[in-house]
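Shown next, in structure tokens, is the structure this report addresses.
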């Protein structure tokens, strides 16, 4: 919906005094998903200028990590994107494993995939809930989403000891094996999950209000998406078939049969971003089923000392996080601490195109576009 | 061709199903682990009612008795806590703690530990609750299995400065308690410790035997040399 | 003023002032409970009788909320227009309470009264109803303007646009009933429908009822038309800057308006106090009336638990491009079916009018939907192996 | 693939340097933008990661073979520098990474902004500007991003010292932190 802005100069020549309404949305606003701020200029209800403001949650995570050993910054990666601590751990472990060259045991690789896909379910299911909340539903889908999330978080807690700040991955494997019966409980959850997804889709996917609110809103072209470094479901919604689980096949993802949903790139609007996530959950369930069927017995962690000194080198490890490509760039200088530690935050980089998508839309559109980008401020501001 | 507003009716059917279903099936509710330390009839009414004693935890009512972690505790073996403390104040955990919440002062003189070996012990061992982030790094780096995670979470206190700094004597918990709250983890840990000890002893034994053998060989060689010397003479 | 008159006035108005605010308290409890159940929660369940552990399903919750509201600090922004900031919630409540007086509620103590049994027996009640309900718009805009808050202002502007627009389909769908009943008097409209001759059971009545109900949702700012208070966009809209008792008044006004407009829908379409066993116990008519109001409110709550909200332009398009033509078309249909059934009495004509009306309405609605709404439909997606 | 690719880049632009240890191509300051445009045109459509690395002035001991054929250890001073690192991937060809670096001195650090070529550098270059103090010539909107506008200094530089009036909330933790700061504990 693009509305032509009136000619202000002409209006002022006619002696009418007009001005735009400037609103500072955030840092405390119900739908900015944290302490994010958008300086918005409105012409009536139409957004004519939007400027994102970051940094309210900045804690210089990178500097912290450069002042402690490799292992000690593992718990801090949990706090980047606090919804997906497991995948954050994995990305960091992947980068560090490139520096120290350690073999990850088979069982640990399977458990890593299981944890990462469960995390993807957690993220997508709550994101859809929050997104529909931004659309104005009274939190009903969100509560259903949280119910499923709670079940998965219970599994995380049983395995790692904590619900959100799991801190479960280690260089060369995982911290501990899962307790007895955990795999059966996970199988049970995975078997039940499609039924929940059916109900969720029935509630949301054909709702006329959701369709008309989201279709044609926040269009993102394929060219801009690639050039602006958009990754994850948002990129695939713009019509690019690029999933690091397929491209890099890190871990053991090449052993599983799964499909990557993407669009033909004609629209790339909020509805596509919403639907791609719904469809990805089904694929995650498929991966989980295969991984849970094939998981072998065995060791859980390779032979790595807790404090190690890698040779001077550079490593960039990246994974397909639920929000996009999460990368860790490490420079070792031969000491126990990384010389440079850098996080490539998907949430921040996906915000590059926020302004482009919001201009010309209504203020209500700006909220749902932000919701469909899927940001977590812990990761945006680091 | 779908009817007008069909999607809305579908959604309303889902909410109606949940509305009715919530009266009949408990599965629809958000389920969380039960953290109840007491039966529901005895819910805490005031601050003093909160269980502080270790024995009051009903470990069988929590589903998270394997790896749940909230705050570190210091382990001691059976016996007087300070006589059997495992910590030797090596300060590795202090160095590795990511938020730097551990404070250790090493004792000046050695004292016998559970194995009867004279060792240093922590004269001071403080952990700050307000800073600790329950990450369990200290547990992993400890070479003596002296620090593990406790799942007790009622650590709130009205005293912001003194109360939040947990002292050594409050941190000390017996290995039996550890077995009670984290049976699986404790069993593997004990197993590994025993294996390590056995390996160490075997190594010691082997070294002793080797030394003995070497000494014998040396003696034999010396004898042989003597003999050959005698021969030459 | 005679003593008799004062007694009549008190008997006619005090029950309204007692019953509806207490129903309001019950409705807030019901809404919270129902929404909780829809979301698979339990809802308020702790507060019952004070100083005991008796929960009473949380029925004490509204009382506790009320006490909290009264004792909460009343914050007025420094830049606000203090007078209008104070007046707005009062003005929001008054028209809603006034409208209640027109409802043809027949309280059993009517026989103790010398004159009329209704608080306000007016020949042009329906017109008066719409005239007064228009005042609520003013109150909301007053709140938005006086708060000196940009979110409030946006909410106020949205409210004006929305409520003015939706009044038109609301009135036009009521016109059908006035046409058929031949009266603007609420009591007479109710009397026409006695014996299950409810207008909703006619083809044109059904269509008009649906249009009326949708427009009523928008008039009372209920989901999915709750744009003036859209939480995810403009915080709380026009009452962003209200707290304490003023907020409670807004809240009360909103719910009373819900009762009022549901009451009007019941009067116009659902046969007012008509129902079974009236011959045995005439006082049941009040019970039926209020039960029907609660039925409509339950649907409102159900919708609120399910639907997201529309966008501003879609909202206006829905009013002007969909509901308005539909209600005008419905007037034509109503006239047609009236003349057909009068000219050809019998079941055949009934069946024919029903079919023609329903098919006509459906085709009309479908066509309008295609014009007014974008071609939003579910899509197909590609998969990469 | 990327290993082969840096050779074609070096053939096309001989002035670019290949850093074997880091596996990165160091772009010459003068025509970094031209090289970036050439890279974009030859398929490196996705710039994943942009970051800065600060190297302080350091004394490097290295073994060299002198004219007499003997090995001797020479100490030389390496000047401080800041590298701006770009990780490039190709979404079209699904290859990568190709790492390119822009190098600049620590004082008055200035490099060419590659935002006109890859939009994804936009916020990340702002971040490098904010935290490392590297001036990006040609950046469309170069402002502080994470720190507030009035903030002085660049916290990710390795010689950054916290201001003494840093906001401080006393806790029981203070004595531990003091101990750490006295250097009693080597972190």
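The values are calculated or read from the model by the stated rules, or taken from the named source; none is laboratory data. Keep in mind the model is a prediction, meaning the values are calculated, not measured. All Cβ positions, glycine included, derive from the backbone under ideal geometry; neighbour counts span all protein chains shown.
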- Kindly indicate whether residue A:293 is touching a strand residue (DSSP E or B) at 6+ places or on another chain (Cβ under 6 Å), over 25 Å from residue D:147 (Cα atoms) and surrounded by fewer than 20 Cβ atoms within 10 Å (Cβ to Cβ). no
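With respect to residue B:181, determine if the residue is within 24 Å of residue A:69 (Cβ to Cβ) and either buried (at least 20 other Cβ atoms within 10 Å of the Cβ) or within 14 Å of chain A (Cβ to nearest Cβ) (or both). Can you show your working first?
Values: within 24 Å of residue A:69 (Cβ to Cβ): no; either buried (at least 20 other Cβ atoms within 10 Å of the Cβ) or within 14 Å of chain A (Cβ to nearest Cβ) (or both): yes.
No, not satisfied.
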Selection from the range C:25-79 of residues on the phi > 0 side of the Ramachandran plot, surrounded by fewer than 18 Cβ atoms within 10 Å (Cβ to Cβ) and more than 14 Å from every other protein chain (Cβ to nearest Cβ) yields C:56
Output for Cβ contacts, cut-off 7 Å, separation at least six or different chains, first residue at pLDDT below 90 in the range C:282-297, second surrounded by 19 or more Cβ atoms within 10 Å (Cβ to Cβ) and part of a helix (DSSP H, G or I), reads C:289/C:266
Within the range A:175-191, residues surrounded by fewer than 14 Cβ atoms within 10 Å (Cβ to Cβ) and more than 9 Å from chain B (Cβ to nearest Cβ) come out as A:181, A:184, A:188, A:191
Verdict on residue A:99 being in contact (Cβ under 8 Å) with a residue 60 or more places away in the chain and within 28 Å of residue A:200 (Cβ to Cβ)
no
Every listed condition ((1) away from chain D (no Cβ under 14 Å); (2) surrounded by fewer than 22 Cβ atoms within 10 Å (Cβ to Cβ)) holds for residue A:374 save (2)
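Check B:187, B:208 and return the single one that is farther than 27 Å from residue A:176 by Cβ and either assigned to a helix (DSSP H, G or I) or in contact with a helix residue (DSSP H, G or I) (Cβ under 6 Å, 6 or more places away or on another chain) (or both).
Going through B:187, B:208 in turn, just one is farther than 27 Å from residue A:176 by Cβ and either assigned to a helix (DSSP H, G or I) or in contact with a helix residue (DSSP H, G or I) (Cβ under 6 Å, 6 or more places away or on another chain) (or both): B:208.
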When restricted to A:113, A:104, the only residue closer than 16 Å to residue A:301 by Cα and in contact with a strand residue (DSSP E or B) (Cβ under 6 Å, 6 or more places away or on another chain) is A:104
**Q.** Selection status of residue C:254, surrounded by fewer than 23 Cβ atoms within 10 Å (Cβ to Cβ) and under 12 Å from the mean Cα position of the chain (by Cα)
**A.** yes
Counting only residues in the range C:343-355 that are without any contact (Cβ under 8 Å) to a residue 40 or more places away in the chain and touching a helix residue (DSSP H, G or I) at 6+ places or on another chain (Cβ under 9 Å), the one nearest to residue C:168 (Cα to Cα) is identified as C:355
All conditions in (1) closer than 28 Å to residue C:236 by Cβ; (2) surrounded by fewer than 19 Cβ atoms within 10 Å (Cβ to Cβ); (3) free of Cβ contacts under 8 Å to residues at least 60 places away in the same chain are true of residue C:188 except (1)
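Any residue at all in the range C:16-37 that is in a loop (DSSP other than H, G, I, E, B), at pLDDT below 85 and under 28 Å from the mean Cα position of the chain (by Cα)?
The answer is no; no qualifying residue exists.
For the range A:360-382, enumerate the residues that are in a helix (DSSP H, G or I), farther than 18 Å from residue D:147 by Cα and in contact with a strand residue (DSSP E or B) (Cβ under 9 Å, 6 or more places away or on another chain). Before the answer, list the steps.
Let us first name the residues in the range A:360-382 that are in a helix (DSSP H, G or I), namely A:363-373, A:377-381.
With the extra rule that they be farther than 18 Å from residue D:147 by Cα, the set shrinks to A:363-373.
Passing the criteria: A:363, A:365, A:366, A:367, A:370.
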If I filter the range A:283-290 for residues that are closer than 28 Å to residue A:351 by Cβ, within 11 Å of another protein chain (Cβ to nearest Cβ) and either touching a strand residue (DSSP E or B) at 6+ places or on another chain (Cβ under 6 Å) or not in a strand (DSSP E or B) (or both), do I get at least one hit?
yes
Of the residues in the range D:25-44 that are within 12 Å of chain A (Cβ to nearest Cβ) and surrounded by fewer than 22 Cβ atoms within 10 Å (Cβ to Cβ), the one that is nearest to the chain's Cα centre (by Cα) is D:40
- request: Might you let me know whether the range C:366-375 holds any residue that is surrounded by fewer than 17 Cβ atoms within 10 Å (Cβ to Cβ) and more than 30 Å from residue A:136 (Cβ to Cβ)?
  value: no
Within the range B:49-81, restricting to residues that are modelled with pLDDT of 75 or more, more than 14 Å from chain A (Cβ to nearest Cβ) and surrounded by fewer than 19 Cβ atoms within 10 Å (Cβ to Cβ), the one that is nearest to residue B:131 (Cα to Cα) is B:81
The correct count of residues that are within 19 Å of residue B:121 (Cβ to Cβ) and touching a strand residue (DSSP E or B) at 6+ places or on another chain (Cβ under 8 Å) in the range B:140-171 is 8
Does residue A:315 count as within 29 Å of residue A:347 (Cβ to Cβ), surrounded by 17 or more Cβ atoms within 10 Å (Cβ to Cβ) and touching a strand residue (DSSP E or B) at 6+ places or on another chain (Cβ under 7 Å)? yes
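Has the range A:39-54 got at least one residue that is within 11 Å of another protein chain (Cβ to nearest Cβ), touching a residue at least 60 places away in the same chain (Cβ under 8 Å) and within 30 Å of residue A:338 (Cα to Cα)? Outline the logic, then answer.
Our first condition is that a residue be within 11 Å of another protein chain (Cβ to nearest Cβ); within the range A:39-54, this holds for A:40, A:42, A:44-46, A:51-54.
Narrowing the set further to residues that are touching a residue at least 60 places away in the same chain (Cβ under 8 Å) leaves A:40, A:42, A:45-46, A:51-52, A:54.
With within 30 Å of residue A:338 (Cα to Cα) added as a condition, the list becomes A:54.
Among the residues of the range A:39-54, at least one is within 11 Å of another protein chain (Cβ to nearest Cβ), touching a residue at least 60 places away in the same chain (Cβ under 8 Å) and within 30 Å of residue A:338 (Cα to Cα), which makes the answer yes.
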Taking the range A:323-332 and keeping only residues that are more than 9 Å from every other protein chain (Cβ to nearest Cβ) and closer than 17 Å to residue A:72 by Cα, one is left with A:328, A:330, A:332
Expected single match for in contact with a helix residue (DSSP H, G or I) (Cβ under 9 Å, 6 or more places away or on another chain), within 8 Å of another protein chain (Cβ to nearest Cβ), closer than 25 Å to residue B:146 by Cβ and at pLDDT 50 or above among B:103, B:23 is B:103
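I'm trying to understand the selection: among the residues of the range C:214-243, which are in a helix (DSSP H, G or I) and out of contact with any helix residue (DSSP H, G or I) (no Cβ under 6 Å at 6 or more places or on another chain)?
Listed by number, the residues that qualify are C:214, C:217, C:231.
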Going through the range C:192-204 in order, the residues found to be touching a helix residue (DSSP H, G or I) at 6+ places or on another chain (Cβ under 9 Å), surrounded by fewer than 24 Cβ atoms within 10 Å (Cβ to Cβ) and part of a helix (DSSP H, G or I) are C:192, C:199, C:200, C:203
A careful count of residues in the range A:263-281 that are outside any loop (DSSP other than H, G, I, E, B) and within 10 Å of chain C (Cβ to nearest Cβ) gives 6
